[in-house]
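Below: one structure, written as structure tokens.
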Amino acid sequence: MRRTDRIAEPWGSRTPYGPGEPWPVRVDSYLADGVTADDVQHWAQSASILHSNGDALDIAVVDGRIVGVRGRAIDRTNHGRLGPKDLYGWQANNSPDRLTRPLIRRDGELVETDWDTAMDAVASRTRELLCELGPSSIGFYTTGQLFLEEYYTLGLIAHAGIGTNHVDGNTRLCTATAATALKQSFASDGQPGSYTDIDHADVVCLYGHNMAETQTVLWTRILDRLAGPNPPRIVCVDPRRTPVADHATVHLAPRPGTNVMLMNALLHELLDHDWIDHEYVDAHAVGLAELRKMLQGHTVEHAAEVCDIPADDLREAARLIGTSQQLVSTVLQGFYQSHQATAASVQVNNIHILRGMLGRPGCGILQMNGQPTAQNTRECGADGDLPAFRNWSNDAHIEELARVWNVDPMDIPHYTAPTHAMQIMRYVEDGSIRLLYVTATNPAVSMPELARMREILSQDRLFLVVQDIFLSETAQLADVVLPAATWGEKTGTFTNVDRTVHLSEKAVDPPGDARADLDILIDYARRLDLRDKDGAPLVKWSTPEEAFEGWKDCSRGRPCDYTGITYDKLRGGSGIQWPCNDEHPDGAERIYVDGEFWAQPGYCESYGCDLVTGSPVEPTEYRALNPAGKAIIKAAEYLPLHEPPSEKFPYQLITGRTLYHFHTRTKTARAPQLQGAAPEVWVEASTGDATREGWSEGDILQVTTPRGEVTARLRIGGIRDGVLFLPFHYGYWDVSSGHEPDGHGRAANELTFTDWDPASKQPIFKTAAAAAVRVAESGGVPAPAPTTTASRPVTSAVPPTRGDPSAMALEDAATAGGAR
């Protein structure tokens, strides 16, 4: 046993292991002060809901209250380990400011009401709009934090019941490019790799992915490989000096917005040195000739100039990739939220196709998710797609889904591509959407260009419904607020990045009159009297397990086949990877084994689109390109930024996350250890820029773009010259102190602009042109940024980030079989 301050040591102690060996077990746990393991009356099985890694854990309960967590040693995902958000974030459940009763707006104020009044108001307005303006007047904007059963129910209500095409989630902001990139290359969503590939890899590439902060336990797995014999070599692509970069064999820090140029140069080197598995490509891929043509002139020297990185570093990265025997690549927001997001991410897929690095141990791609249940929005039809990876442009798929739901195919909107979140907000802005139902997300902080977003959500003609657990910035604008139960207070399943399905059991009752999201959605459907074509209720379940069984029927025979999974099979053991069916009764560790893809024209989820314009590929065009259903190598031309730096705005602003917070801090700001580690917004600049500008650590800077301004203390750190970084978590409402701060100068998205990737429709948060001026000197006070992460200072004078005595957690590596 080891007691550790997991604020100061986010990744805990090492348990080294070598290639091909099992990752040793280390069980992490944390209980509230004064509570011992002997005091715990019940442990409820679950997994983390505060990041996308899916760390399995048990919830400790005493007297009907959550008092802590422990990692599940048996689980394939984390082997017992937990990250800081896992260990401390559960405290938000017990926060005294939880929503406990419905609220309704009367005379301009939100006042408490009962459930019948609140739900009648929502259902009545829905019916009025359906009669007056039709289904397109109603939109749904959901989250990446609900359970599979809730997403599937929402998708059924929205698509088959109401008949609207306006359904999306905040996964559009974090993981839309992951799905789109996979569809471009493999004609279907679904992660080709598995976390266990890290156990075998000799090279791991992280593209725009600060895994050390976003998926701390997965990074712990890499750290343990690095500490063992024959460690993998690391290639890091990131403009900041992240903890990943610290451990990298090669760190490439490109100018923001040049990712496609960088990737094209890497591919050019692979072709130039013939680091290609020709037998694999000939048998299992199409499109190589187009790629060769596009890459002419995309030399290392040209890319080094455009990206402003050393040519030798780029060559070394290409050599590592090209000569690796087992290659793992991960991609996240540095690519997804940047210029030409899908085009850049697809080039990562191209590398694996060219090298034949798919479907075997140590050879995998993880186009990562930013949220814990984002995969389920994509699977279940709550992010604009149709359930079970069905193709909205394939009439046979619509007919099949209609049979599952027992509705007429024409009741399922498929006349055009589903409406993405940014377009939904534009329809709200122009008045064509009059009711917006927002679930478990906070667009008044997370969306780009917040001044505009506040105006959109505040319109009198909009009926705004918010279903959440706290009175967020968005909930404060609502006409009806529905208090929801959260993780630990309801039962359901959710799926992590590598297709592992976990069961989360209800541990305690929700506070007051709060209800599970599934119960609220079923109540909504019944008040609307939604029916199938035989007159039976459209939603035919009333419990989570019944909803899961309904989902299994929908997934049957599709890529994300769940038919072999049951609640009982998930209880007590490890998570299970889909597809899980008769062919794979225990789940499939990897997909695309031996070049078997889901890309056949009659089966695939997507025919793809043009990477520059986003225009869909026609079915006939796809059949001509890929009649045998192979992987698709897609070339991408580099295009200049939409908002480059200028004399007035000389810097490039990027936004991102910190290890200690999740999204808009709705939960993590209510966990004292996490809030104490990163209590307030800051801005990062490089040593070179600070020296040139005459700035010092802790100086108060005003950062401006054409959209607005943010005032924050300066952290001088390891970011590249010409780039500023702001964490996006800090909103208008000061969650930790419970009061409204002066002005709107804390949220990074005051500065970002309304622009999105043409293919994935994901907003571009990382290439805004900005200016910065000092408005006050530091007064000897450093920036509130953590010193343990990518925001660490260049000076040693800043006090290190530490937790207080309440941050001490236990590590038990007694069964690990390896040194610490």
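The values are calculated or read from the model by the stated rules, or taken from the named source; none is laboratory data. Just so you know, these numbers come straight off a predicted model, no measurement behind them. Virtual Cβ from ideal backbone geometry, glycine too; neighbours counted across all protein chains shown.
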For the stretch 707-725, state whether one or more residues are among the polar types (S, T, N, Q) and modelled with pLDDT of 95 or more. yes
Scan of the stretch 133-159 for residues that are modelled with pLDDT under 95 and either of a type in the set (D, E, K, R) or in a strand (DSSP E or B) (or both), ordered by number: none
Answer yes if at least one residue in the stretch 364-374 is part of a helix (DSSP H, G or I), modelled with pLDDT under 95 and within 23 Å of the chain's Cα centre (by Cα), and no otherwise. yes
Checking Gly564 against (1) surrounded by 17 or more Cβ atoms within 10 Å (Cβ to Cβ); (2) in a helix (DSSP H, G or I), only one condition comes out false. Which one? (2)
Given the structure, is Leu206 in contact (Cβ under 8 Å) with a residue 24 or more places away in the chain, touching a Cys at 6+ places or on another chain (Cβ under 7 Å) and over 30 Å from Val62 (Cα atoms)? yes
In the stretch 608-618, the residues that are under 12 Å from Ala187 (Cα atoms) and more than 24 Å from the chain's Cα centre (by Cα): Val617
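Condition check ((1) part of a loop (DSSP other than H, G, I, E, B); (2) under 34 Å from the mean Cα position of the chain (by Cα); (3) more than 30 Å from Ala160 (Cα to Cα)) across all residues:
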| residue | (1), (2), (3) |
| --- | --- |
| Gln91 | no, yes, yes |
| Arg105 | no, yes, no |
| Leu110 | no, yes, yes |
| Asp116 | no, no, no |
| Met119 | no, yes, no |
| Glu128 | no, no, no |
How about the stretch 581-602: which of its residues are over 28 Å from Gly362 (Cβ atoms) and either modelled with pLDDT under 95 or surrounded by 15 or more Cβ atoms within 10 Å (Cβ to Cβ) (or both)? Pro601
Verdict on Asp523 being touching a residue at least 12 places away in the same chain (Cβ under 8 Å), in a loop (DSSP other than H, G, I, E, B) and not assigned by TED's automatic domain parsing to the domain that holds Arg76: no
Do we have Leu267 as crowded, with 21+ Cβ neighbours inside 10 Å and under 14 Å from Gly322 (Cβ atoms) here? yes
The condition of being within 23 Å of Leu639 (Cα to Cα), assigned to a loop (DSSP other than H, G, I, E, B) and among the small types (Gly, Ala, Ser) holds, among Ser338, Ser345, only for Ser338
Looking at the stretch 169-184, is at least one residue buried (at least 24 other Cβ atoms within 10 Å of the Cβ), out of contact with any Pro (no Cβ under 7 Å at 6 or more places or on another chain) and among the charged types (D, E, K, R)? yes
Here are some residues: Asp202, Asp197. Which one is surrounded by fewer than 24 Cβ atoms within 10 Å (Cβ to Cβ), touching a strand residue (DSSP E or B) at 6+ places or on another chain (Cβ under 8 Å) and farther than 23 Å from Gln652 by Cα? Asp202
Check Arg65 against each of (1) surrounded by 22 or more Cβ atoms within 10 Å (Cβ to Cβ); (2) touching a residue at least 40 places away in the same chain (Cβ under 8 Å); (3) more than 17 Å from Asp5 (Cα to Cα) and name the one condition it does not meet. (1)
The stretch 603-646, residues that are surrounded by fewer than 20 Cβ atoms within 10 Å (Cβ to Cβ) and in a helix (DSSP H, G or I): Pro619, Thr620, Glu621, Arg623, Ala624, Leu625
Criterion: at pLDDT below 95 and over 30 Å from Met453 (Cβ atoms) - qualifying residue of Gly738, Gly745, Gly818, Gly731: Gly818
The strands (runs of 3 or more DSSP E) lying wholly within the stretch 393-498 that contain at least 2 residues that are more than 29 Å from Ala187 (Cβ to Cβ) and hydroxyl-bearing (Ser, Thr, Tyr) are 435-439
